[in-house]
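Reading through the structure tokens given below for one structure.
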Amino acid sequence: MTVTINELKSYLRLDTCDEDSFLYDTISAAQKHIENVLGTTFDEVDDTARRGPLKQALLMLSAHWYEVRGVACSDTMRPFPYSVQEILNEYREFTF
């Protein structure tokens, strides 16, 4: 996994271990989502210049999903973080 639980906890400013299992699942889901959008895995990204922004996108998406829990409905939906989408668009390979 590209982001550790401790890195995400630091990003979220969390001090407890109460939600480590949820954080692990959130990181895993966010990483899989990003890999699906990019069409590649984090392991295949060997360019250090690309790893930094993609790791930041993973932290931001994980934090977003940590803060916005539950079933999405029109009353509770918040937009996907624009900054995450912009980072992913920069590294995504589009095909037509």
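Only the coordinates and a few stated rules stand behind these numbers; no lab work does. Computed from a predicted model, the values in this text were never measured in an experiment. Every residue, glycine among them, receives a Cβ derived from its backbone with ideal geometry; neighbour counts consider all protein chains shown.
So what does log10 I(q)/I(0) come out to for the chain at q = 0.15, 0.21 Å⁻¹, using the Debye formula with one equal point on every Cα and no solvent? Rounded to two decimals, the profile gives -0.61, -1.10.
Taking 22 Å as R0, compute the FRET efficiency from the Cβ-Cβ separation of Asn89 and Val68 and round it to 0.05. My answer for the efficiency is 0.55. Normalised by the number of residues in the chain, the mean separation of alpha-carbon contacts (under 8 Å, six or more apart) gives a relative contact order of 36 percent.
What is the calculated FRET efficiency for Ala49 to Leu14, with r their C-beta to C-beta distance and R₀ = 41 Å, to the nearest 0.05?
0.90
Taking each DSSP H run with n ≥ 4 as -39500 (n - 2.57) and averaging over every residue of the chain yields -19000 deg cm²/dmol at 222 nm. Positive-end ranking of Cys17, Thr40, Gln85 along the dipole of the chain, with charges on Cβ about the Cα centre, is headed by Gln85. Under a model in which nothing but the beta-carbon of Lys, Arg (+1) and Asp, Glu (-1) is charged, the chain shows a dipole of about 200 debye around its Cα centre. Backbone geometry of the range 41-54 corresponds, through the Karplus equation with coefficients 6.51, -1.76 and 1.60 at θ = phi - 60°, to 3J(HN,Hα) couplings of 9, 4, 5, 7, 7, 9, 7, 4, 5, 8, 5, x, x, 5 Hz, x marking Gly and Pro.
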